[in-house]
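Undergrad: Would you mind keeping the following structure in view while I ask a few things?
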Amino acid sequence: MPAGWPATRRRVLARDRWVCRLGFAGCEGHATDAHHTVRGSEDEATIVAACGACHRIVTQQQASAARWIDARGDRAAEGGTSSGPGRGQRFVPPLIPGQVSPETGGAA
């Protein structure tokens, strides 16, 4: 992580009120981690608060998607079409009812 990551993580957790924005089955509710929704981006608008359980799930999903892409090759980069998950695609977590979206400023 970049040198400023601890401060970024704290700002993201505070912005999201320490509530997990991912909401997978088994969600713990209280966020302790910060998750990048866009690979390689340090823009805080693309980082969300996550509980440990949800962060593990989404990280496993992303690793699986990366293995799938590596196994089949990135057809979109070759001018073909890609029907599966791809690099550069953004994971958009569901909003918790009443939570304000950092992207739109609106509530769920």
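Undergrad: Inside region 29-43, can you point out the residues that are at pLDDT 95 or above, part of a loop (DSSP other than H, G, I, E, B), of a type outside the set (Val, Ile, Thr) and surrounded by 13 or more Cβ atoms within 10 Å (Cβ to Cβ)?
TA: Scanning region 29-43 gives a single hit, 31.
Per-residue answers, yes or no, for (1) at pLDDT 85 or above; (2) of a type in the set (Ser, Thr, Tyr); (3) over 11 Å from the mean Cα position of the chain (by Cα); (4) under 16 Å from residue 12 (Cα atoms):
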{"residue": "25", "(1), (2), (3), (4)": "yes, no, yes, no"}
{"residue": "73", "(1), (2), (3), (4)": "no, no, yes, no"}
{"residue": "79", "(1), (2), (3), (4)": "no, no, yes, no"}
{"residue": "84", "(1), (2), (3), (4)": "no, no, yes, no"}
{"residue": "88", "(1), (2), (3), (4)": "no, no, yes, no"}
{"residue": "91", "(1), (2), (3), (4)": "no, no, no, no"}
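Undergrad: Examine region 15-23 for a residue that is assigned to a loop (DSSP other than H, G, I, E, B), modelled with pLDDT of 95 or more and loosely packed, with under 13 Cβ neighbours inside 10 Å, and state whether such a residue exists.
TA: Yes, that holds for at least one residue.
Undergrad: Let me ask you something else. Pairs under 8 Å by beta carbon, first residue closer than 15 Å to residue 61 by Cα and of a type in the set (A, V, I, L, M, F, W, C) in region 19-31, partner at pLDDT below 95 and in a loop (DSSP other than H, G, I, E, B), six or more apart or different chains?
TA: Sorted first by the residue in region 19-31, then by its partner, the pairs are 22/93; 22/94.
The values are calculated or read from the model by the stated rules, or taken from the named source; none is laboratory data. Please read these numbers as outputs of a predicted model, since none were measured by experiment. Glycine gets a Cβ as well: all are built from the backbone with ideal geometry, and neighbour counts include every protein chain shown.
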